[in-house]
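Worksheet for the structure shown next.
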Amino acid sequence: MSSILLKRAKTGSDVINSIHRQSVINITRSLITGPPSSTPPTHHHTTPTAAPLPSPVPLPFFSPDVSAQQGINNGEAKPLYVPGSQADRLARVSRMSSPLRRGSHESWWSGEMGWFNAVAKTIPTYRVLDEEGHLVKGTAIPEITKEEALAMYRTMTLIPIVDNILYQSQRQGRISFYMQCAGEEAAIVGSSAAMLEGDEMFGQYRESAALLHRGFTLDAMMSQCFGNVEDVGTKGRMMPVHYSAPELGFHTITSPLATQMPQAAGAAYALKLDEDRQGDCVICYFGDGAASEGDFHAALGMNSVLGGPCIWFCRNNGFAISTPIIDQYAGDGIASRGPAYGLDTIRVDGNDALAVLSAVREARKRAVEGKKGVLVEAMTYRVGHHSTSDDSSMYRRVEEVKEWTVVDNPIHRFRAFLASKSWWNETSEKDLITSHKSKVMKAFSRAEKLPKPKLGEMFNDVWGIGKGDEVPAVIMEQRAELGRLLKKYGDVWEPWRKERKRFVEEGMDVMDCDGRGS
């Protein structure tokens, strides 16, 4: 850069002088990572019940040493020989101007080391309602109709009843597994309500409320958990809560952590390329634990480079199963990682349904208009156990859970808002809960009585078989082997004789199979 800050050359003097002036201007640009030190803080204390947020402190302001350049301007320095032709010099200047090197959006050369470990000292947490459901001072209620608000509340109050019934049924041995979304109702329902009909949704495994709000029926949910003949999404072959609803844009949930994230990045890229899907968006749910997986970085890296409208929605509920966040990362949550990938990022109060709704609406707008990824970190708390395989009392105090249930309950907070608008009352509450319980128990009882699919269903959809193609021999051999075992033991061994009766055709569809196994 110093080679262009010379006295005027005899040839092309006007061009070189113009470049000189632009270079001096570029040198004085401020850091992209924070506001200038003279900028007053814009984050204010909100309500007396909320813990005040500290004001962001910008990074140290580093300014380059321009004494040498000033000396050149005063005529004290001798001109240096610049090799190459005029065209070579102009090309070199173009390569070395902003950014100085590929990979940095805005920077300058400096003789001093400027270390930093964050883009700002603090990241604010956006909220609309405080813990008691009162409007936070200085904020605005997002645009929401009475019907939209009541629809959100119905889903938020429905899912705890579903969770309770299915959790207890697992304890009784009636289903094999279950996971609750207790304490995270506002984050899940608020984000789902902000999405549109044509959008694609990738869940982790605690997003059943988002699926219900999107139109998934209680009968379909119960059928999947029991794996019965009406489980059209997973055909009785997946663990409970691993829902699939392609007709609603909800992609199948899988057990391995964070595998949905690279898939979501690919889906977003596909939307970007599809002229018929312009305006649609992807939302990908994941937890703070999933953000410690390699797939998290692979997905955000892919999305930030290739583009595609995608909302990365992190439910930071404090625990990755039994690992608290203090043992997961040393940085400032998950939101601090967004700028590293060039993503617009926001941190929101995940127990505030209105704040989540507003933040995800804006995130969706930015993602669709910019055809890019946006990161939303919802700060919430997992009230329930991680799953029916977990006992959270082994790693956290029961009193802590009770405190969150009482002090910062997302359902109570949203109900207080509805009551303040005269949209809800005690009579409405009692009628709604009674209706929810009746519908849930009716769907539960019905699903439990339905038989399971044909045993041969487990061999379908393993290979992608085109029309007219033969089923691979290895599949036919396995099917025939199961048929042989059922013929030999299906009537004489009590556990198998009892279990066969639960399936359509009682396994006769595989016992009729012919192959090497038989």
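The values are calculated or read from the model by the stated rules, or taken from the named source; none is laboratory data. All figures in this text were calculated on a predicted structure; none of them were measured in a lab. For neighbour counting, all protein chains shown are included, and Cβ atoms are generated from backbone atoms with ideal geometry for every residue, glycine included. Quick note on the areas: whole protein, heavy atoms, side chains included, nothing else; ligands and nucleic acids left out. Shrake-Rupley method; radii C 1.70, N 1.55, O 1.52, S 1.80 Å.
General remarks:
- For segment 455-511, size of Cβ-based charge dipole, Lys and Arg +1, Asp and Glu -1, in debye: 280
- In straight-distance terms, cross-link reach from LYS488 covers every one of the aspartates and glutamates whose alpha-carbon lies under 19 Å from its own, apart from those fewer than eight places away in the same chain; here that gives GLU477, GLU499, GLU505, GLU506, ASP509, ASP512, ASP514.
- 24 Å Cα-Cα reach of LYS449 towards lysines, excluding residues that sit fewer than 8 places from it in its own chain: LYS235, LYS437, LYS439, LYS498, LYS501
- Violating pairs (Cα-Cα greater than 29 angstrom) within the set LYS365/LYS402; LYS402/LYS452; LYS146/LYS365: LYS365/LYS402; LYS402/LYS452
- The residues VAL407, VAL474, sorted by heavy-atom accessible surface at 1.4 Å with ligands and nucleic acids left out, run VAL407, VAL474 from largest to smallest.
- Measuring only protein heavy atoms, the 1.4 Å probe finds VAL383 accessible over about 40 Å².
- Residue-count net charge about ILE159 - beta-carbon cut-off 15 Å; Lys, Arg +1, Asp, Glu -1: +4
- Dividing the mean sequence gap of close Cα pairs (under 8 Å, 6+ apart) by how many residues segment 126-449 holds gives a relative contact order of 25 percent.
- TRP404, TRP312, TRP115, TRP423, reordered so the largest accessible area comes first (probe 1.4 Å): TRP115, TRP404, TRP423, TRP312
- Segment 455-511 - percent relative contact order, Cα under 8 Å, separation 6 or more: 48
- Contact order, relative form, for segment 107-241: 17 percent (alpha carbon pairs under 8 Å, 6 or more residues apart, mean separation divided by residue count).
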